[in-house]
Amino acid sequence: MSSPSSEAASGFRARLRGRSELGVAALLAGIAIVIAVDTANIRHTAINAGVMGPQVVPTIIATGLALCAIALAISVLRGGHADAEDGEDIDLSQKAHWPTVFGLGALILVFALSMDFLGFVIGSALLFYGSALLLGSRRFVWALVIGILLAVGTFYGFVLGLGINLPAGLLTGIL
């Protein structure tokens with residue numbers, strides 16, 4: 001005969017079976033707590049003393065995340081659950097293609113490490129181009145052209161539109 005504690009544990013596991021969305025709710029709640037704690041530690045100074053102050057937006061975000069976590073947990077505990085995704089172009093019975101996943105991760109790592117030397121435009125264009133090829137594109141020239149256009153557009157959007165300087169790298173003086 002099993003002990004009462006093992007029966008209670010198995011009963012608890014049985015109630016949680018098929019309710020993996022509770023993990024997402026817990027993650028949202030954890031992020032909300034981290035943001036709330038960090039927001040509470042923001043010091044008021046003469047520089048950031050304004051009409052709203054620096055704590056307003058993080059407080060709204062933390063509150064929103066907490067409300068989403070609570071609503072999701074209540075929905076799941078009441079029996080609601082998300083339907084399994086039926087992707088139009090995804091075969092869910094296939095396993096992940098790890099060379100592609102690791103290749104994309106390596107591309108992002110190389111992009112991050114070479115940003116200062118190559119610059120944002122060259123690095124981003126190569127990142128897009130490499131990602132497109134790893135994900136199966138066979139339109140080599142078209143992928144490179146789109147990568148360059150996206151990189152240049154994003155660069156000037158940040159520099160001219162937002163006033164945020166991105167590294168020009170090899171193209172310093174040209175851009």
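Full extension of the chain segment joining THR63 with LEU171 gains 34.5 nm, where the gain is 0.36 nm per residue of separation less the Cα-Cα distance. Seen from all directions on average, segment 90-140 presents a Cα convex hull projection of 4.1 nm².
Need one number: convex hull volume per residue for segment 98-171, Cα atoms only, in Å³.
Details: hull volume 5.9 nm³, N = 74.
Enclosed volume per residue, from the Cα hull, is 80 Å³.
What FRET efficiency comes out for the pair PHE117/SER75, r = Cβ-Cβ distance, R0 = 45 Å, nearest 0.05? Working from the Cβ atoms, E equals 0.40. Taking the 1.4 Å solvent-accessible surface of segment 98-171 as the whole, the part contributed by carbon and sulfur is 78%. When peptides 110-123, 27-40 are ranked by their average number of other Cβ atoms within 10 Å per residue, the highest-first order is 110-123, 27-40.
Run the numbers for ALA96 and GLN55: contour at 0.36 nm per residue of separation, minus the present Cα-Cα distance, in nm. Show your work: numbers first, answer last.
On the way: separation 41, 0.36 × 41 = 14.76 nm, distance 4.13 nm.
Between ALA96 and GLN55, full extension yields an extra 10.6 nm.
Along segment 110-116 the Karplus relation, 6.51 cos²θ - 1.76 cosθ + 1.60 evaluated at θ = phi - 60°, assigns HN-Hα couplings of 4, 4, 5, 6, 9, 4, 5 Hz to successive residues, with x for each Gly and Pro. Close amide H pairs (under 5 Å, H built 1.01 Å from N) link ILE42 with no residue at least 5 positions away or on another chain.
The values are calculated or read from the model by the stated rules, or taken from the named source; none is laboratory data. Just so it is clear, the structure is predicted and the values come from calculations on it, not from any experiment. Neighbour counts run over all protein chains shown; Cβ positions are idealised from the backbone, glycine included. To get the accessible areas, we keep the full protein, side chains included, count just its heavy atoms, and leave off ligands, DNA and RNA. Shrake-Rupley method; radii C 1.70, N 1.55, O 1.52, S 1.80 Å.
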